[in-house]
1. Could you grab the pairs with beta carbons closer than 7 Å, sequence gap of 6+ or different chains, first residue in segment A:79-98 and facing another protein chain (nearest Cβ under 9 Å), second one among the polar types (S, T, N, Q) and in a helix (DSSP H, G or I)?
2. For A:Gln45, all conditions in the list (1) surrounded by fewer than 21 Cβ atoms within 10 Å (Cβ to Cβ); (2) within 14 Å of chain B (Cβ to nearest Cβ) hold save one; what is the number of the exception?
3. What is the one condition in (1) more than 14 Å from chain A (Cβ to nearest Cβ); (2) within 16 Å of the ligand (Cβ to nearest atom) that B:Leu217 does not satisfy?
4. Across segment B:191-215, which residue is surrounded by the fewest Cβ atoms within 10 Å (Cβ to Cβ) among those that are of a type in the set (Gly, Ala, Ser) and modelled with pLDDT of 95 or more?
5. Name the pairs whose Cβ atoms lie under 8 Å apart, with the first residue in segment A:234-254 and farther than 19 Å from A:Arg276 by Cβ, the second of a type outside the set (D, E, K, R) and surrounded by 15 or more Cβ atoms within 10 Å (Cβ to Cβ), and 6 or more positions between them or separate chains?
6. So, in segment A:24-42, how many residues would count as being within 13 Å of another protein chain (Cβ to nearest Cβ) and surrounded by fewer than 21 Cβ atoms within 10 Å (Cβ to Cβ)?
7. Being free of Cβ contacts under 8 Å to residues at least 60 places away in the same chain and either within 16 Å of the ligand (Cβ to nearest atom) or within 14 Å of chain A (Cβ to nearest Cβ) (or both) is true for just one of B:Ala7, B:Ala78, B:Ala86. Which residue is that?
8. Which ones in segment B:122-173 are within 16 Å of the ligand (Cβ to nearest atom) and in a loop (DSSP other than H, G, I, E, B)?
Amino acid sequence: MSDKKIEKNPRAAYGLALLEAAKANKNIVALDADLCTSTQSAQIQNNLPEQYIEMGIGEANMVSAAAGLALCGKIPFVHTFAIFVTARPYEQIRQGVCLPKLNVKIVGSSVGLSDFGDGATHQCFEDLALMSVLPNMTVFAPVDATEVPKVVRAALAINGPVYIRLNRNDTPLVTEEATPFEVGKPLVLAEGKDVAICVNGVTADMGLKAREILAKSGKSASVVNFSTIKPLDEKAVRAALGSVRALVTVEEHSVIGGLGAAIARVLSRAPLPTERIGFADRYGQSAHEYEQLLERYGLTPDNIAKAALGLL
Amino acid sequence: MGKIDDATLKALKEKALSVRLGIIEALGIDHRGHLGGSMSCADIVTALYFYKMKHSAKSPDDPDRDRFIMSKGHSVLAQYAALAEAGYFGKDVLATTKSLGSVLQGHPERETPGVEANTGSLGQGFSMGVGMAIAGKLDKRDYHVYVIVGDGELAEGQIWEATMASNVYSLDNLTVIVDMNGIQAMGKTRDRYAIQNIPGRFAAFGWKTFEIDGHDLADIVGTLDKATAVKGAPTAVIARTVKGKGVTFAENSHDYHNNLLTPETREKAIASVMAM
Ligand SMILES: [Mg+2]
C-alpha cells in the first residue's frame, strides 16, 4: 500500500479560483444564501465586496435573480449546499436558467456525505441526476483540489449553464498541476487491462487503493476518472476504458442517475458488465467523522475490489 | 408629472384598442388561450410600451433600455400585441401564436424579439426583475425594470422572497404592478388564499405602494410617473382590474382564463372591444 496521499480542501481551492477569476472579470458576481463561509464564496465577499450579492435564505429567488443578472450581462456564480442549490430551486434552474441557456454557474457545496455531522437533510446524493437531466446543462464533479481551478476556468469558457459539485472536506490529491482537464473526456489515473474502476471526486483515491488490492490477487485494474458527467463523449470513454472486460463505477451519489448511469448511457450500444457502487436508493445519517459514513455505506477500497473480483 | 394632455391620452387609448384587438388576433379561433388575464393587463401593458418605457424595436439590445417582464406569463398575448404594435415583429406574426415552430410561444421566451426573460412559471419573473434591477445598480445604469404579476400569483412563496430582497437592495429602479383582477384559473382569488391588504403587505416589506384603477390610462401613467420618481425603495402599483376587460361576455369570470373563441364569439369579442 502506498502512503496516505496529501489532502487538500476542494472548496477552499474553489474560493481562491473564483476570486482569481472575479478579479480578472468584473462581470462575475457571487450569490450566496447565507452560507458563504461554507461555500467559500466568502472569498468574494471579503475581497471583492462589490461583486458579492447576499441573497439571504431564499434559494428560489436567488436562482431566478441570477437569471436576471445573466440577462444583463453578469456571470453569476450561485452558491449554497448542493441539496439546497439543486433540489430546492430546481424548477427555477430549469425554467429561468437552462431553458434560455443563460450564463449562470450553479455551485453545490457539501456534496455526498461530506457534511457528515449535519445528517440526511444536508447530505446530497441526487445533484448529478437532477442537473444532468436538464437540457443545456454541463455537469462537473472535480476530482480534487488541484483540479478545481481548471474546472472553474472550463466553466467560465462555456457560455451557458454549468453545475459544479464540491466536497466539504480535505480529500486526497490524485492529480498534478500539469494534469490536463478536458471537458467531456475521462482521465486515466492508472492503467490496467482486466477491469476499469470508474471514479470521480472523493472515490478516486479509493479506486487507486482498490487497484493495489486487486494487483495482489493477480488482477489488473485501471482507474478512470470522470470529472465531467455531462456531456460525455462516447469515443473518449471507450478510448479511456480500453479493452477491459468489466467496470466498477464508484460514486458518492445515488446509483440512480449519477456517474454509473452516465457511463451506462454512453456505452449502451455495446455495454460492459458493470457493478455500480454508490448510494443505493437511500438516505444518509449523522456521524462524527466522514470516514465512518463512507465505510458505513460501502464506499471503501475493499468493497470496490470485491465488486471487481465478482465480475472477473 | 402625474397628468397627461388629452392628445397623449387619446393616442394611448387607440394603442390600448390595438393591443386588445391584437390579443384577439393572437388567440385565434378554436385554440385555447389566456384571454382574461391578457385583457385585464392590456391597459397597463399599453401604458408601459407606449408611454412609460424607454425602448425601441430598432435597438432591442440597448443596455440602457427599460426592461419589462410579464411574470404572469400566461398573459403574454397582451405583450405580443404590444410588441407587434411597437414593431418588434410584424402584426401578421400574431396569428401564428402557439402554432408549431412559431416565435410566439404559449408563454414568454427570450427567442421572441422584445421578450426579456422566460417566464410563466409563477413567481419567477419577479425575481428575474430583481436580478435585472441589481445589475442596473451594479453597472450604474439608469434603466427601470417593470414587472407585472397576477394577484393569484402572489400565493407563490418566491414572490415574498423577491419582495424582501428588493427592499434590502433599495431597488428604486424596480416597479412591480399587481394585476388585481380578483380571479385566478379556477375561480375567485378571495375563495382561495384571500390575499387581502396587498398594499399593506408590500409596505410592510419597505416598499412604496400606489393603488390605481388599472383601466384608467390617465391614472396608470400618472402613477407610473410617480413610482419611477421614488428614490431609495422599490415601488408596487396595485391595479384594480377586471378580468377579460373589454370582452363583455368574458369579464369578471374565470371561464375565459384559458379558453377559446369560436368564429361567432370572436366576432362578438371584436365588436365588444370596438365599443369600449
Ligand atoms: Mg388574477
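The values are calculated or read from the model by the stated rules, or taken from the named source; none is laboratory data. Just so it is clear, the model here is predicted, and its values are computed rather than measured. Neighbour counts are summed over all protein chains in view; Cβ atoms, including those assigned to glycine, are modelled from backbone coordinates with ideal geometry.
1. A:Gln92/A:Ser64; A:Gln92/B:Gln124; A:Gln95/B:Gln124; A:Gly96/A:Ser64; A:Gly96/B:Gln124
2. Every condition holds for A:Gln45 apart from (2).
3. Unmet condition: (2).
4. Restricting to residues being of a type in the set (Gly, Ala, Ser) and modelled with pLDDT of 95 or more, the top hit is B:Gly200.
5. As it stands, the answer is A:Ala236/A:Gly184; A:Ala236/A:Pro186; A:Gly242/A:Ala196; A:Gly242/A:Ser222, since those pairs meet every condition given.
6. The total comes to 4.
7. Unique residue meeting the criteria: B:Ala78.
8. B:Leu122, B:Gly123, B:Asp151, B:Glu156
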